[in-house]
Amino acid sequence: MKERMDQSSSRIYVERTLAIIKPDAIHESEKIEDVILKSEFTILQKRKLQLTPEQCSDFYADQYGKFFFPSLTAFMSSGPIIALTLARNNAIAHWKSIIGPVNSTKAKETHPECLRARYGTSDLKNALHGSESFHAAEREIKFMFPNSVIEPFPSRERIEEYLSRFGLLTGW
């Protein structure tokens, strides 16, 4: 899940995050996916779907009770979305920096090049979602891709061991 360099063994752990292209930006999905790929993310999973208001309530359960919750669930269930599992080093923080501040109106002033400034249409309709933390990413990925198994990538040593067993280790 998380990429970090283990000083003693040079193991790399790749972090995953959930990205959602929301209903207000779905018509720009190709441009957004191009930015994702140019930002050195790997798209591990992609799914276009339309959530029901109940599913939106479950997904955004941590926002329940806030004044904008009914508007959020209505908006998120108003049209199709694209859910993506993204992977790269420091994926959560990097994706959050690319999409910019939650409030797309403020993002236009403070971070005009970010995706929310470019594609968001209002304070609520901010074009994109990004997981807030490692644990949120795990929960959200499992929510959007319920049949997926989330496991860390194997270490370089495990890959070399596996390949050498079958005589496949050449120039690694």
At 1.4 Å probe size, with no ligands or nucleic acids counted, give the accessible surface of E132 in Å², nearest ten.
-> 120 Å²
So which lysines can K142 reach, going by Cα to Cα under 23 Å and dropping same-chain residues fewer than 8 places off?
-> K2, K22, K46, K48, K96
May I ask you to give the percent of accessible area on the stretch 96-141 that is carbon plus sulfur, with a probe radius of 1.4 Å?
-> 55 percent
Label the stretch 19-101 by shape, choosing from rounded, prolate and oblate, from the square roots a ≥ b ≥ c of the eigenvalues of the Cα gyration tensor; if a/c is under 1.5 it is rounded, and otherwise prolate applies when a/b is larger than b/c, oblate when it is not.
-> prolate
Where only protein heavy atoms count, and the probe is 1.4 Å, what is the accessible area per residue for the stretch 54-140 in Å²?
-> 48 Å²
Could you pull out every residue, at least 5 positions away or on a different chain, whose amide H is within less than 5 Å of the one on Q45? Hs are placed 1.01 Å off N in the peptide plane, and Pro or chain starts have none.
-> T85
By the Cα gyration tensor axes a ≥ b ≥ c (a/c under 1.5 gives rounded; else a/b larger than b/c gives prolate, otherwise oblate), the shape of the stretch 65-109 is oblate
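The values are calculated or read from the model by the stated rules, or taken from the named source; none is laboratory data. Quick caveat, the model's predicted, so the values are computed rather than measured. All accessible areas refer to the heavy atoms of the entire protein, side chains included, with ligands and DNA or RNA removed. Shrake-Rupley method; radii C 1.70, N 1.55, O 1.52, S 1.80 Å.
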